[in-house]
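In what follows, a structure is listed as C-alpha cells, so that the remarks can point back to it.
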C-alpha cells in the first residue's frame with residue numbers, strides 16, 4: 001500500500017465543513033493567550049453558525065473578532081481529512097439570530113442526522129432546545145471565512 005498525503009482542494013474543504021458538525025474554535029484573550037474550545041456548528045454559504053452561552057470565548061471574541069477553527073474526519077487510523085479556517089466573529093441579532101437558530105435546529109436535531117453523535121446543548125429534548133431561543137444568555141454567532149487550508153492522508157493499493 002502506498003501512503004498519500006496532500007492538500008485538500010477548496011471544494012473538498014467546503015464538503016468537509018458541510019459534513020461535520022463539531023470542531024475546535026481558537027480565539028485570542030486580551031492578554032494575547034490562545035484559547036481553544038470545542039464547538040458545534042453548521043456550515044452554510046462560506047460561514048460557520050454557532051450556538052453558545054455567555055462566557056469566556058464570547059467575551060474574547062467580542063474584544064477580538066479574529067478567530068481560527070478546525071474540524072476533521074477520521075475514516076480509520078490511516079485515512080483522515082482536516083480543515084482549518086480563519087475568519088471573523090459576528091454576533092447575530094434579530095431575524096439573523098432566529099434564522100441561525102433554526103438552521104442549527106434543522107441540521108443538528110433533524111431525525112435524518114441522528115445516525116451520528118449529537119454534540120449540542122439541550123440534546124435531550126427538542127422542546128428544551130426550542131425554548132433556549134429566547135434565553136438572554138444564549139448567543140448565536142457567525143464566523144465568516146476569510147482563509148482556509150486542509151490536508152488529508154489515505155493509503156492506496158499499489
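Read the figures in this text as sums done on the coordinates, not as results from a lab. It should be emphasised that the depicted structure is a prediction, and the values quoted were computed from it without experimental measurement. Glycine gets a Cβ as well: all are built from the backbone with ideal geometry, and neighbour counts include every protein chain shown.
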For this session: Would you please give the FRET efficiency between residue 153 and residue 88, computed as 1/(1 + (r/R0)^6) with r the Cβ-Cβ distance and R0 = 30 Å, to the nearest 0.05?
Result: 0.50
For this session: Mind sorting 152, 4, 61 by how few other Cβ atoms lie within 10 Å of their own Cβ, fewest first?
Result: 4, 152, 61
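For the residues 46, 74, what sequence is obtained by ranking on other C-beta atoms within 10 Å, fewest first?
Working: 46 13, 74 10.
Least to most surrounded, the residues fall as 74, 46.
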Seminar exercise, completed: By Cβ neighbour count within 10 Å, fewest first, 27, 68 rank 68, 27
Exercise. Simple spin-label model, 7 Å along Cα-to-Cβ: residue 11 to residue 56 in nm?
Worked result: 4.1
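Using mean Cβ contacts within 10 Å as the protection proxy, how do 7-14, 99-106, 30-37 order, highest first? List each step's numbers first, then the result.
Numbers: 7-14: 14.2, 99-106: 16.4, 30-37: 10.0.
Final packing ranking: 99-106, 7-14, 30-37.
Give me the number: length gained by fully extending residue 75 to residue 137, i.e. 0.36 nm times residue separation minus the C-alpha to C-alpha distance, one decimal in nm. It would help to have the intermediate numbers written out before the result.
Details: separation 62, 0.36 × 62 = 22.32 nm, distance 3.66 nm.
Extra length from residue 75 to residue 137 when fully extended: 18.7 nm.
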